[in-house]
Amino acid sequence: MRLTMKRNLLFGLGLSLILLLISSTASYISITDLIQSSRMVNESHQTIDNLNSFLSILKDAETGQRGFILTGDPSFLTPYTEAKEKIAENFNALMPKIGNTTLQKENLEKLRFDVAKRMEVLDDNLKSKKINGTVSNEDLLKGKTYMDDTRAVIDSMQNEERRLLDLRTASLKSLANITP
């Protein structure tokens, strides 16, 4: 009888340890997935913020250019000069955060092109003002076209990122409900 009882206790203890191990493993995997999902949601928010920052940076550059074109005073070029420096930093922050979708990669390249062209037009307008004392309406409209293209690309990227954010948030909520 003692031998049977001892065997039953050992069996119960072994079974309990196996269940504990399985439960711990499941909890670890669930918590790891929850943390990963939370990180992805945060990255989506950061990406949307970085894209908003691009528009702000370009507007700063335009403001500096406009002030210089209207007044000829070089002190108005400060926001323009600072914006040129921030653009590279913003691309470096944005690149690793962009989703791995083909659409986002294509949009990022289009954004890079449009921003470069917009800055090129701003540079040309400033040179024209310094050399000729004036900037043509055609040159200003060319810059507007690139800015409009940039806005459209950023809108597309933000919409895609919001779509991903919705998926990631749903996954996060699901994992948050399962984890306990």
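When region 171-180 is examined, which residues are found to be of a type in the set (Ser, Thr, Tyr), open to solvent by 40 Å² or more (accessible area, probe 1.4 Å) and in contact (Cβ under 8 Å) with a residue 60 or more places away in the chain? Write out each step before concluding.
Let us first name the residues in region 171-180 that are of a type in the set (Ser, Thr, Tyr), namely 171, 174, 179.
Now drop any that are not open to solvent by 40 Å² or more (accessible area, probe 1.4 Å), which leaves 171, 174.
Scanning region 171-180 gives a single hit, Ser171.
So Ile29 ticks every box in (1) farther than 30 Å from Asp123 by Cβ; (2) in contact with a Phe, Trp or Tyr (Cβ under 6 Å, 6 or more places away or on another chain) but one. Which box is left unticked?
Of everything listed in (1) farther than 30 Å from Asp123 by Cβ; (2) in contact with a Phe, Trp or Tyr (Cβ under 6 Å, 6 or more places away or on another chain), Ile29 misses just condition (2).
Being surrounded by 16 or more Cβ atoms within 10 Å (Cβ to Cβ) and among the aliphatic types (A, V, I, L, M) is the filter here, so list the residues in region 22-40 that pass it.
Result: Leu34, Met40.
In a helix (DSSP H, G or I) and farther than 24 Å from Gln46 by Cβ: is that true of Ser156 in this structure?
no
Quick one: what pairs do we get from region 134-157, first residue touching a residue at least 24 places away in the same chain (Cβ under 8 Å), second surrounded by 13 or more Cβ atoms within 10 Å (Cβ to Cβ) and outside any helix (DSSP H, G or I), C-beta under 8 Å, 6+ apart or different chains?
Pairs found: Met157/Ile98.
Would it be correct to say that Arg168 is modelled with pLDDT of 90 or more and either loosely packed, with under 14 Cβ neighbours inside 10 Å or basic (Lys, Arg) (or both)?
Criteria not met by Arg168.
Please identify the pairs in which a residue from region 64-84 that is closer than 14 Å to Asp124 by Cα and of a type in the set (Asp, Glu) has its Cβ atom under 7 Å from the Cβ atom of a residue that is open to solvent by less than 70 Å² (accessible area, probe 1.4 Å) and outside any helix (DSSP H, G or I), counting only partners at least 6 apart or on another chain.
Partner pairs satisfying both residue conditions: none exist.
Picking from Lys142, Lys130, which residue would you name as being in a helix (DSSP H, G or I), of a type outside the set (Asp, Glu), more than 25 Å from the chain's Cα centre (by Cα) and loosely packed, with under 14 Cβ neighbours inside 10 Å?
Only one candidate passes the filter, namely Lys130.
Step by step: first the residues of region 76-101, then only those that are closer than 21 Å to Leu140 by Cα and of a type in the set (Ser, Thr, Tyr), then the one that is farthest from the chain's Cα centre (by Cα). Which residue is that?
Thr78
Run Ser136 past the list (1) of a type in the set (S, T, N, Q); (2) under 24 Å from the mean Cα position of the chain (by Cα); (3) at pLDDT below 90; (4) open to solvent by 40 Å² or more (accessible area, probe 1.4 Å) and report the number of the one that doesn't hold.
Just one mismatch for Ser136, condition (2).
With the requirement that a residue be farther than 20 Å from Ala152 by Cα and among the β-branched types (Val, Ile, Thr), what does region 74-114 give you?
Thr78, Thr81
Can you pull out every residue in region 49-102 that is aliphatic (A, V, I, L, M), open to solvent by less than 60 Å² (accessible area, probe 1.4 Å), touching a helix residue (DSSP H, G or I) at 6+ places or on another chain (Cβ under 9 Å) and assigned to a helix (DSSP H, G or I)?
Answer for region 49-102, where residues must be aliphatic (A, V, I, L, M), open to solvent by less than 60 Å² (accessible area, probe 1.4 Å), touching a helix residue (DSSP H, G or I) at 6+ places or on another chain (Cβ under 9 Å) and assigned to a helix (DSSP H, G or I): Leu51, Leu55, Ile57, Leu58, Ala61, Ile69, Leu77, Ala83, Ile87, Ala93, Leu94.
The values are calculated or read from the model by the stated rules, or taken from the named source; none is laboratory data. Treat the numbers as computed from the prediction; the structure is a model and nothing was measured. Backbone-built Cβ (ideal geometry, glycine too); neighbour counts: all protein chains shown. Protein only, heavy atoms only, side chains kept; ligands, DNA and RNA dropped before computing areas. Shrake-Rupley method; radii C 1.70, N 1.55, O 1.52, S 1.80 Å.
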